1. Cβ contacts < 8 Å: first residue closer than 11 Å to LEU174 by Cβ, restricted to segment 102-113; second residue buried (at least 16 other Cβ atoms within 10 Å of the Cβ) and among the polar types (S, T, N, Q), any location; separation 6+ or different chain. Result?
2. Can you name the number of the only condition in (1) more than 20 Å from ASP190 (Cα to Cα); (2) in the same structural domain as ARG16 (by TED's automatic domain parsing) that LEU110 fails?
3. Suppose we filter HIS156, HIS202 for residues that are in the same structural domain as GLU111 (by TED's automatic domain parsing), touching a helix residue (DSSP H, G or I) at 6+ places or on another chain (Cβ under 9 Å) and surrounded by fewer than 17 Cβ atoms within 10 Å (Cβ to Cβ); which single one remains?
4. Quick one: SER227 ticks every box in (1) outside the structural domain of ARG36 (by TED's automatic domain parsing); (2) more than 24 Å from ILE58 (Cα to Cα) bar one, so which box is it?
5. Name, by its number, the condition in (1) in contact with a Cys (Cβ under 9 Å, 6 or more places away or on another chain); (2) over 18 Å from GLN99 (Cβ atoms) that does not hold for ARG74.
Amino acid sequence: MSATTANAAAAVLDVRSISMNFGGLRALNEVDLQVRQGEIVALIGPNGAGKTTFFNCITGIYVPTEGTVHVTPRDGRTVTVNGLKASQVTALGMSRTFQNIRLFPTMSVLENVMIGRHCRTRAGILGALLRDPKTRAEEQRIVEESYALLKSVNLHQHYKDEARNLPYGAQRRLEIARALATEPFLLCLDEPAAGMNPQETHELKELVIEIRERHELSVLLIEHDMSMVMSLSDRIYVMEYGSKIAEGTPEEVSKNPGVIKAYLGEESHA
């Protein structure tokens, strides 16, 4: 996406001055962030900067101490996320992966993706018990859609395997497929390339670009691989000690003295 197109697009995520306190510790300090329709936005910073805490605040795991989180789903209405449960945020259309992979290890690859469809199913307890034609048709549709998502991340050949038996990189892709099963307008990826080799990281970057186009969604990612961040992102936000210290295009951020100092230290920068 070009800078002009990104600037013209509407914001699907609008975070205003959120702070998060844990007792006497201020983990986030008045952080602002926007993700526009169709953008890939990176959130970077040294370890302990507050990036995952930020993700937890916008996805309903934490309730921010201060500030507001607004999202604009595909239906065009603007919703305040503060106080909503994580399941409600997912139902709105904001899904995420985690820094530490959270799959159901003894369930099949296909079943892991099918679970992601739960927030979009209509059959209730009665339908599950009676197994009426409408419920059976919905279950078949879930199977077909889940298999299609596995195919899109090149895991369809493993659909019967237990998730724990997949290689590490494949488990990462499976977690992304499960997140896509919720039909998100915004996909939040928490260190998706962690533990990957250079080839796997390159393939992941291509996958994220393909996902953005195919599913017409926006992406917000936390990532430490700067090569991937700089080549993938439309815009970048930089955090340090719970505060935002910079934002801009990859070129602008890479030349920002505050960012260089945060990563290399003042003496190295000098």
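1. Within 8 Å, the pairs are LEU103/ASN112; LEU103/GLN171; PHE104/ASN112; LEU110/SER146; VAL113/SER146.
2. (2)
3. HIS156
4. Of everything listed in (1) outside the structural domain of ARG36 (by TED's automatic domain parsing); (2) more than 24 Å from ILE58 (Cα to Cα), SER227 misses just condition (1).
5. Exception for ARG74: condition (1).
Results for (1) at pLDDT 90 or above; (2) more than 30 Å from ALA11 (Cβ to Cβ), shown as yes or no for each residue.
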| residue | (1), (2) |
| --- | --- |
| LEU126 | no, yes |
| VAL153 | yes, no |
| GLU162 | yes, yes |
| ASN165 | yes, yes |
| LEU189 | yes, no |
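The values are calculated or read from the model by the stated rules, or taken from the named source; none is laboratory data. Being a predicted model, the structure only gives us computed values, none of them experimental. Every residue, glycine as well, gets a Cβ built from its backbone with ideal geometry; the counts of neighbours run over all protein chains shown.
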